[in-house]
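S.K.: Got a structure for you, questions after.
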Amino acid sequence: MLALTGVTALVCDGLSPCEKATVLVEGGRVTAVGPDVPVPPGVGTVDLPGHTVLPGLIDSHVHLGPPEPRGGPKVLGRARAVVGWMRHQPGKRRAFLRHGVTTVCSLGDDDTWIRDFRHKVATHRLTGPRLLVAGPIFTSPGGHPVATAGARPGAGWVRVPRDPAEAREQVEELASGPDPVDVVKVVHDRGDPRRRSLQPLDEAILRAIVEQAHRHGRKVVAHWGTLDDLAELLACGVDVLHHLEPRGPLAGWPARLLDAMVRGGVALAPTLAVTDALLDEDTKTLLRRRVAEFHEAGGTLVAASDAGMPSVPSGGGLIRDIALLAASGLTARDAVAAATTAAARTLGVPGLGVLRPGSAADLLVVAGDPLTDLGALRRVVMVLRDGRVVIDRTKERQDAHAARH
């Protein structure tokens, strides 16, 4: 049992500030939060005035298998990647937790490996963020990542159904049984005809995937690129769109598609942290304008870094993505919600991404107030995962304060 006292707690779906609060944690859950919560005798107490407690952050788009770039010889880099893979990426696990990311959603990793990874973290055999998985990606014979990254159709991280019946069978295998996936991912992307055209999913196959996933209560998330891709995905009933690229609505959202997204409750994870590292300033400005328009129309935005891509580090990529959402016109509260309450709701995981009695004790403690200064998210003082303290910098801060005075 642990009590965090004297804090400002960002509670419930609105991330409403509750000042001079006590957050009581027991058995992996938040048992009480508020200004008048009594602390039982003998409970470990950490007094943190001037600090904010908020739900642990959720990164809704990561890849845990591919290595992040390192310096040094290529042979050494490959050796490190193999060791990291075998040990379930200890460096990435630590990096997520150091940045207050307590849940990640893997959207394209080897199915057997990622489910074993999820089990080891869930049973505390490994220390790391809570892991939600899609398992393999559904794509076409000429689609990404088969045509772009050389993925074999029979590989553990892709599925290439030949017809709707096979698509249903493959989704059934993934989404049912004692160890189902948390979401289903499809790639429906025509590519860029100026560089390389790609084959989107057959619409009948796409519809079969979505319908079968929904029968099992699983959300369907989609990688897309063009407005034609978007129209077909909306017609087939997908739940979340990942990425926002110049070959999409750079010149503006078609009114009928924007209206269909908002009315249908289709969320958008624009993964701005990826494009920010690759595009020129004018193009980035236009994409942020499209994000603002989607938000102003009432659409749900979700923070998602695509960590695992060469330009996006684990943990830090999500903090960057939150800042870029704010730079697109979101308030600090809305940007934080995109990585907490909105992310949990979009992924369909009640009890995560929110701070209230009964919620999972996946918590982030920062110095300052992230609702007035998003930079506070970089001042991580403590992180709890499932009620366990996995990052604790309180002594460091106390020592630094004593040294200054």
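The values are calculated or read from the model by the stated rules, or taken from the named source; none is laboratory data. Note that the structure is a prediction, hence the values are computed from the model and not measured. Ideal geometry is used to build each Cβ from the backbone, glycine not excepted, and the neighbour counts take in all protein chains shown. Each accessible area value is taken on the protein alone, full model and side chains, heavy atoms only, with ligands, DNA and RNA left out. Shrake-Rupley method; radii C 1.70, N 1.55, O 1.52, S 1.80 Å.
S.K.: State the Cα centre-to-centre distance between the stretch 257-279 and the stretch 167-215 in whole Å.
M.R.: Their Cα centres are 19 Å away from one another.
S.K.: Here's a follow-up. Can you compute the modelled spin-label distance between Ala297 and Asp163, with each label point 7 Å from Cα toward Cβ, in nm?
M.R.: The two pseudo-label positions are separated by 3.7 nm.
S.K.: Still on this structure, please answer the following. What accessible area, in Å² to the nearest ten, does a 1.4 Å probe give for Arg379?
M.R.: 90 Å²
S.K.: Within a Cβ distance under 12 Å of His188, other residues only, what is the Lys/Arg minus Asp/Glu net charge?
M.R.: Values: positive: Lys185, Arg190, Arg207; negative: Asp189, Asp202, Glu203, Asp228, Asp229, Glu232.
So the environment of His188 carries a net charge of -3.
S.K.: When we measure straight from the Cα of Lys20, which lysines land under 30 angstrom away, once same-chain ones fewer than 8 places off are left out?
M.R.: Here the lysines satisfying the reach criterion relative to Lys20 are Lys395.
S.K.: Answer rounded, prolate or oblate for the stretch 325-371, using the Cα gyration tensor with square roots of eigenvalues a ≥ b ≥ c: rounded when a/c is under 1.5, else prolate when a/b is larger than b/c, else oblate. Could the numbers behind the result be given before it?
M.R.: On the way: a/c = 3.08, a/b = 1.34, b/c = 2.29.
It comes out oblate by the Cα gyration axes.
S.K.: Using the basic label-point model (7 angstrom from Cα toward the beta carbon), what is the Ala204 to Ala255 distance in nanometres?
M.R.: Placing both labels 7 Å beyond Cα along the Cβ direction yields 3.6 nm.
S.K.: For the chain, what is the accessible area per residue in Å², given a 1.4 Å probe and the full set of protein chains?
M.R.: On the way: 16860 Å² over 405 residues.
It amounts to 42 Å² per residue over the chain.
S.K.: Sticking with this structure for a sec: Expressed as a whole percentage, what fraction of the accessible surface of the chain belongs to carbon and sulfur atoms when a 1.4 Å probe is rolled over the protein heavy atoms? Can you show the working numbers first?
M.R.: Numbers: 8730 of 16860 Å².
Carbon plus sulfur share of accessible area: 52 percent.
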